[in-house]
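Okay, structure first, notes after.
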Amino acid sequence: MVISRRSFLVAAGAAATASVAAACSTAGRPAAVISTSTTAPTSTVPATTTPTGIDFPALARSLSGQLLTPDSAGYALARRSYNPLYDTRRPAAIALCRTPSDVQRCVTAAARARTAVAARSGGHSYAGYSTPDGALVVDLAGLSGVRVSGGTAVAGAGARLIDVYAALAAQGRCLPAGSCPSVGVAGLTLGGGIGVLARRYGLTCDHLTAATVVTADGAARTVSASAEPDLFWALRGGGGGNFGVVTSFTFATVPAPALTVFQLGFPAGSVPEVFGAWQGWLRSAPDELWTNLNVTGAAGRSTCTVSGCFVGSSAALNPMLDRLVAATGSPRYRRVLPMSYLDAMRYFAGCSGMSAPRCEAETRGADRKRETFAASSRMLAAPVADPARLADVADGHAGLHVIVDGLGGAVGRVAPTATAFAHRTALASVQIYLKTTVAGHTSAARQVSAVRDALTPVTGGGAYVNYIDAAMPNWATAYYGANLPRLRTTAQRYDPDRLFTFAQAVNRS
């Protein structure tokens with residue numbers, strides 16, 4: 001059934017937010033100094049380092065943007081990240097960089113003083129690595145321009161996804177990326193970049209053709225497959241904060257397609273049957289179909305929705321949905337609606353029905369939408385023989401989401417060692433996400449860890465670095481797999497003194 005746009009958006013708005021925007025803190029990621037986006041070092045600098053080791057007055061005079069210290073007007077707002085859990089963090093200073101030269105001056109000053117430095121774009125680091133205590137935060141929001149020319153897009157490291165989508169759509173182009181509008185393109189790309197068009201067009205990092213990165217020696221290097229290829233390789237899935245501060249990304253884009261979005265809602269207690277059918281349906285689906293399964297925990301039996309995005313018409317999609325319904329039984333509702341590329345990206349971003357300025361306001365500044373949450377992840381290595389083992393883990397955890405995002409297609413046709421993103425053969429990523437309060441975070445984190453550990457025998461030990469979890473067991477292998485040794489060699493080459501380090505940095509054993 002195809003329904004009107006107004007009816008679809010009114011009815012599906014809340015469910016869409018639960019299905020994909022729960023990943024809104026999900027697209028966050030650690031990006032500290034390699035990406036300009038989220039992963040930043042914690043206080044792991046040598047014991048001789050002091051938070052005042054940098055001559056901040058001199059640094060302030062050298063920058064084109066502001067340098068905010070704790071006594072500066074605007075510091076309290078500038079230090080806030082997406083998750084209010086980290087509002088108590090007090091960086092030594094926040095540099096509001098406006099040019100790549102500003103970034104170079106910050107990195108050079110931090111290296112000379114042996115002071116921790118953290119890059120921040122969207123500020124979505126799940127572990128709060130982009131806002132460390134006592135460090136110099138290199139804020140890249142001022143480098144947010146997006147230029148589109150022909151099939152090429154150049155995005156500043158501070159660009160949010162909604163900025164990127166709007167600029168691309170205006171030129172009839174598309175880049176596969178994430179769903180949260182305020183996530184920085186830097187952190188997303190550096191961790192790989194799973195999104196709603198990944199099965200058709202690949203990961204965001206698969207479209208990266210060049211990047212400019214400020215390394216620990218203060219040099220601004222433009223890297224590509226032919227220029228410093230090891231560093232370029234590491235930037236495509238090696239996670240933010242590990243090798244330098246990226247100031248811009250150059251992407252190859254594709255023509256913007258016409259899309260159809262869909263959602264099917266299933267009743268409590270049906271999760272095992274739906275998941276069992278869904279994983280087989282996903283494996284047989286064409287590349288044009290991306291889908292996820294969102295299990296929502298309850299005090300009793302969990303419920304689930306199947307959502308997705310199809311590159312093509314509703315007439316072509318509906319027979320595929322019919323096959324899923326035949327295998328699962330009738331859903332409580334079924335919604336299908338054709339959309340333009342930009343409308344679909346705004347829908348998955350939770351901005352449907354908002355004006356463009358209102359959606360933009362929710363990505364930055366005092367009006368920025370924020371959320372306290374606990375989260376972790378696993379990678380679903382292969383179909384599960386007993387679907388109930390994965391499907392029932394959310395039972396008894398009210399409000400907890402287990403979001404299974406389908407992979408395969410174009411993602412799986414790239415070799416696991418061709419880029420730093422190691423999970424090319426996985427069937428899906430699995431995010432465990434629980435919205436909470438600052439006071440309730442400890443309890444929420446325990447629930448998330450318990451669900452993650454219950455899933456591990458079923459899914460395997462892999463995990464997605466963009467959903468970085470400070471409590472992740474064997475985290476380095478979980479995030480990077482067999483690519484870890486090469487990543488560590490690259491980090492040692494470009495950052496021998498470990499300027500860019502934090503609790504889960506590649507250069508930490």
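The values are calculated or read from the model by the stated rules, or taken from the named source; none is laboratory data. Nothing here was measured: the structure is a model prediction, and the numbers come from that model. Glycine also receives a Cβ, built like all others from the backbone with ideal geometry; neighbour counts cover every protein chain displayed. Note: areas computed on protein heavy atoms with side chains; ligands, DNA, RNA excluded. Shrake-Rupley method; radii C 1.70, N 1.55, O 1.52, S 1.80 Å.
Of all residues in region 70-89, those satisfying the criterion of being touching a residue at least 12 places away in the same chain (Cβ under 8 Å) and exposed (fewer than 15 other Cβ atoms within 10 Å of the Cβ) are 70, 77. Among residues of region 263-275 that are open to solvent by 20 Å² or more (accessible area, probe 1.4 Å), those with a beta-carbon under 9 Å from a residue that is modelled with pLDDT of 95 or more and aliphatic (A, V, I, L, M) at least six positions away or on a different chain give the pairs 273/327.
Residues in region 199-244 that are over 20 Å from residue 143 (Cα atoms), surrounded by 20 or more Cβ atoms within 10 Å (Cβ to Cβ) and aliphatic (A, V, I, L, M): 203, 231, 234. Pairs meeting the criteria (first residue in region 458-477 and closer than 24 Å to residue 391 by Cβ, second residue polar (S, T, N, Q) and open to solvent by less than 20 Å² (accessible area, probe 1.4 Å), beta carbons under 6 Å, at least 6 apart or on different chains) are 463/377; 464/377; 464/429; 467/26; 467/377; 467/431; 469/376. Go through region 303-317 and give me each residue that's part of a loop (DSSP other than H, G, I, E, B) and of a type in the set (Ser, Thr, Tyr). The one that is part of a loop (DSSP other than H, G, I, E, B) and of a type in the set (Ser, Thr, Tyr): 313. Residue 291 falls short of the stated requirement of being open to solvent by 20 Å² or more (accessible area, probe 1.4 Å), within 22 Å of residue 349 (Cβ to Cβ) and touching a residue at least 60 places away in the same chain (Cβ under 8 Å).
One line per residue, one yes/no per condition, for (1) over 21 Å from the mean Cα position of the chain (by Cα); (2) under 30 Å from residue 212 (Cα atoms); (3) at pLDDT below 95:
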{"position": "224", "(1), (2), (3)": "yes, yes, no"}
{"position": "241", "(1), (2), (3)": "no, yes, yes"}
{"position": "258", "(1), (2), (3)": "yes, no, no"}
{"position": "269", "(1), (2), (3)": "yes, no, yes"}
{"position": "275", "(1), (2), (3)": "yes, no, no"}
{"position": "286", "(1), (2), (3)": "yes, no, no"}
{"position": "299", "(1), (2), (3)": "yes, no, yes"}
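Within region 154-171, being of a type outside the set (A, V, I, L, M, F, W, C) and in a strand (DSSP E or B) holds for 156, 160. Per the listing 358, 283, the residue uniquely within 21 Å of residue 203 (Cα to Cα) and among the basic types (Lys, Arg) is 283. In region 459-470, the qualifying residues are those that are among the hydrophobic types (A, V, I, L, M, F, W, C) and open to solvent by less than 30 Å² (accessible area, probe 1.4 Å), and the one that is farthest from the chain's Cα centre (by Cα) is 463. Looking across region 163-174 at every residue that is under 19 Å from the mean Cα position of the chain (by Cα) and open to solvent by 20 Å² or more (accessible area, probe 1.4 Å), the one that is farthest from residue 69 (Cα to Cα) is identified as 166. Out of (1) more than 21 Å from residue 260 (Cβ to Cβ); (2) surrounded by fewer than 24 Cβ atoms within 10 Å (Cβ to Cβ); (3) not aliphatic (A, V, I, L, M), what's the single condition that is false for residue 156? The failed condition is (2). Which condition does residue 501 not pass, out of (1) β-branched (Val, Ile, Thr); (2) out of contact with any helix residue (DSSP H, G or I) (no Cβ under 6 Å at 6 or more places or on another chain); (3) open to solvent by 50 Å² or more (accessible area, probe 1.4 Å); (4) part of a loop (DSSP other than H, G, I, E, B), if it passes all the others? It fails just one condition, (3).
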